[in-house]
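Heads up, the thing below is written out as structure tokens.
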Amino acid sequence: MTKISRKTLAIVAAICAVFAVASVSVSLTMALQNASAGVESPLHVTTQEEYETAQRYARLEEVYQRLMGEYYKELDSDTLVQGAIDGMMESVGDPYTFYYTPEDLAKMYEDHNGQYCGVGMLVSSDKQGRLVVLRVFKNSPAQTAGLLPGDVILSADGEAVSAETTEAMNMATARIKGEAGTYVRLSVLRKEQTLELDIERNNVSVNRVEYQILDGNVGYLVLYEFFGDAVSGVREALNAFEEAGVRGIIFDVRSNTGGQLDICLDICDMVLPEGLIVYTEDRNGRRENYYSNADRCEIPMVVLVNEMSASASEIFAASIQDYGVAKIVGTKTFGKGIVQTQYEFPSDGAGMQLTTSRYFTPKGRSIHGEGVTPDVVVEMNDSYDASIYAPDMNNDNQLKTAYDVLLKEIGA
């Protein structure tokens, strides 16, 4: 992955503008002077492309200098440069393309490693751009305070929060996190009721995988994210199921919003036959293929998805569907079929993320904007109680349907 310095990006944009404009001006001036004196100029002759680039940056530099020199109040140079970067990112119109401050990037790595200080919940954006709770970790401050999956967080300590963009969601989670022993007040929308919850922050450890054996000797595996210990967790679960001789496996990726591509590929490799898992294409049509090997778990399986299963979860579900190795059960997935690349600027720990390619399933399907349609579509019942954490087929009708489909597949 290419690595650049953040100050190089932040400050060089302004400095290069000055030098670029200055060098063009000096080059042209000296060339004209030498030409009029009949002297052959040793200077580089500026190309039209270089001149046009300099002209573009000249306006940026002119605006910067006007603000710094003439605005009625003194301005901070770093703030202006950061604003220029943020504006450039926003103009792309892609919620997955954005800039990380050093603090943002450090928090992102902290979250991915699964150790942080906060309230103990997994959040994401729903299709309305609201900050919705996907998972409340067991024995966490959030669980103690009564927060439930499906709750929509409206504000934190009186400040309105949203998830309309990744930057907005990062700002929201930063407000909710804090030092152990401190409190955060969350305003939460639960169905049609607004609640105020005071939650004491504490150290939280995140596990990405949970598994157990259900009645009928059926393995149940929940994968919450494709981050951290996901690969080792899934491998441990599959090994345990094989040793126990389970008849089948329900693989639950509902509300799993994705994660790292390499982790997704490793997990796909555990359950797919030898062949293509997924391929990506950039804007120039350059294609990159990713393959699985022949070794795999061959226990009969179904995969549970819902409308918040996104990105890596969709790669997982779609590749399984294309090979026909398992039935997909639930509701149509989110529909995020694009790949982001992250770049870190080593000088100060900042970075950026941008969308660099689209992905396609083994059969060439694009999921972006479309999602994965399950083989068996079943909506969650209105009577579902999110406060019941243990798998309960009397409460969770999607799980019950997956169980029934699996038993039918085993019988067949």
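The values are calculated or read from the model by the stated rules, or taken from the named source; none is laboratory data. The model shown is predicted, which means the values in this text are computed figures rather than measured ones. Ideal geometry is used to build each Cβ from the backbone, glycine not excepted, and the neighbour counts take in all protein chains shown. The protein model used for the area step is the full one, side chains on, heavy atoms only, and it has no ligands, DNA or RNA in it. Shrake-Rupley method; radii C 1.70, N 1.55, O 1.52, S 1.80 Å.
Summary of computed values
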{"read-out": "Residue that is farthest from V278 (Cα to Cα) [pool: residues in region 337-356 that are small (G, A, S) and surrounded by 18 or more Cβ atoms within 10 Å (Cβ to Cβ)]", "value": "A350"}
{"read-out": "Answer residue from region 210-220, given it is touching a residue at least 12 places away in the same chain (Cβ under 8 Å) and farther than 19 Å from V136 by Cβ and is most open to solvent (accessible area, probe 1.4 Å) among those", "value": "I213"}
{"read-out": "Residue, farthest from M308 (Cα to Cα), within region 389-412, restricted to residues that are of a type in the set (A, V, I, L, M, F, W, C) and either open to solvent by less than 30 Å² (accessible area, probe 1.4 Å) or part of a loop (DSSP other than H, G, I, E, B) (or both)", "value": "A412"}
{"read-out": "Residue in region 46-57 that is touching a helix residue (DSSP H, G or I) at 6+ places or on another chain (Cβ under 7 Å), farther than 30 Å from K177 by Cα and outside any helix (DSSP H, G or I) present", "value": "yes"}
{"read-out": "Unmet criterion (only one of (1) at pLDDT below 95; (2) under 26 Å from the mean Cα position of the chain (by Cα); (3) assigned to a helix (DSSP H, G or I); (4) not acidic (D, E)) for A386", "value": "(3)"}
{"read-out": "Condition broken by D198, with the remaining ones in (1) open to solvent by 30 Å² or more (accessible area, probe 1.4 Å); (2) out of contact with any helix residue (DSSP H, G or I) (no Cβ under 8 Å at 6 or more places or on another chain); (3) charged (D, E, K, R) satisfied", "value": "(2)"}
{"read-out": "Selection count where residues are outside any helix (DSSP H, G or I) and surrounded by 22 or more Cβ atoms within 10 Å (Cβ to Cβ), scope region 263-276", "value": "1"}
{"read-out": "Subset of region 168-195 (residues that are free of Cβ contacts under 8 Å to residues at least 24 places away in the same chain, over 25 Å from D382 (Cβ atoms) and open to solvent by 60 Å² or more (accessible area, probe 1.4 Å))", "value": "M171, R175, Y183"}
{"read-out": "Subset of region 116-134 that is touching a Lys or Arg at 6+ places or on another chain (Cβ under 8 Å) and either assigned to a loop (DSSP other than H, G, I, E, B) or hydroxyl-bearing (S, T, Y) (or both) - its residue that is most open to solvent (accessible area, probe 1.4 Å)", "value": "Y116"}
{"read-out": "Of residues in region 317-336 being surrounded by 20 or more Cβ atoms within 10 Å (Cβ to Cβ) and small (G, A, S), the one nearest to R247 (Cα to Cα)", "value": "A326"}
{"read-out": "Whichever residue in region 277-309 is within 23 Å of the chain's Cα centre (by Cα) and of a type in the set (A, V, I, L, M, F, W, C) and, among such residues, is most open to solvent (accessible area, probe 1.4 Å)", "value": "M308"}
{"read-out": "A312 vs. criteria open to solvent by less than 10 Å² (accessible area, probe 1.4 Å) and within 25 Å of G93 (Cβ to Cβ)", "value": "yes"}
{"read-out": "From A106, A160, A156, residue being among the hydrophobic types (A, V, I, L, M, F, W, C) and either crowded, with 18+ Cβ neighbours inside 10 Å or in contact with a helix residue (DSSP H, G or I) (Cβ under 6 Å, 6 or more places away or on another chain) (or both)", "value": "A156"}
